[in-house]
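Following: one structure in structure tokens, then a few remarks.
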Amino acid sequence: MDNCKDTWKNPSLCELWAEYQHCVINPSFMLKSCAKSCRSCTAGMYLLSIDLIYNVTNYKITRWPLYCLSFHLWLLITPLYCLFFYLWLLITPLYCLFFHLWLLITPLYCLFFYLWLLMTHLVSSNLSY
């Protein structure tokens, strides 16, 4: 292709942009307007550049919405997670309080239960005579 040239209004900018990798960063513009600077005029490089444009636009079409969806779902879920975490922080001391009360009450319950058994045994043994 002998008519390979930079068609942008200021071709010296094309060379500068190509140095700073804009042929890869922004291929849809650069490969059309700055073909010479991007060295996309040969048949192999042209096919490679078309493939690059397809992959970049395909990436934007297929991957970005998924990324955005997952990010927005994360934004929705995070406050719920925080809510449940703070509820858990509120409930845990209550659970611990009831558990420790149960630990205090259980021996008393057992004591009264055994006293009741002893009393009923004594009363029943006295009634039998």
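I'd like to check something: does the range 110-124 contain any residue that is more than 41 Å from the chain's Cα centre (by Cα), loosely packed, with under 10 Cβ neighbours inside 10 Å and at pLDDT below 85?
Among the residues of the range 110-124, at least one is more than 41 Å from the chain's Cα centre (by Cα), loosely packed, with under 10 Cβ neighbours inside 10 Å and at pLDDT below 85, which makes the answer yes.
From Ser28, Ser12, Ser49, which residue is among the small types (Gly, Ala, Ser) and modelled with pLDDT under 75?
Going through Ser28, Ser12, Ser49 in turn, the sole match is Ser49.
Of all residues in the range 2-11 being more than 13 Å from Cys41 (Cβ to Cβ) and surrounded by 10 or more Cβ atoms within 10 Å (Cβ to Cβ), which is nearest to the chain's Cα centre (by Cα)?
Among them, the one singled out is Trp8.
Keeping to the range 19-35, report how many residues are small (Gly, Ala, Ser) and farther than 19 Å from Asn3 by Cα.
Of the residues in that region, 1 qualify.
Considering only residues that are out of contact with any Phe, Trp or Tyr (no Cβ under 9 Å at 6 or more places or on another chain), assigned to a loop (DSSP other than H, G, I, E, B) and not aromatic (Phe, Trp, Tyr), which ones fall in the range 12-37?
Listed by number, the residues that qualify are Gln21, Lys36.
The values are calculated or read from the model by the stated rules, or taken from the named source; none is laboratory data. All of these numbers come straight from a predicted model, not from anything done at the bench. Counting neighbours? That spans all protein chains shown, and the Cβs are built from the backbone with ideal geometry, glycine included.
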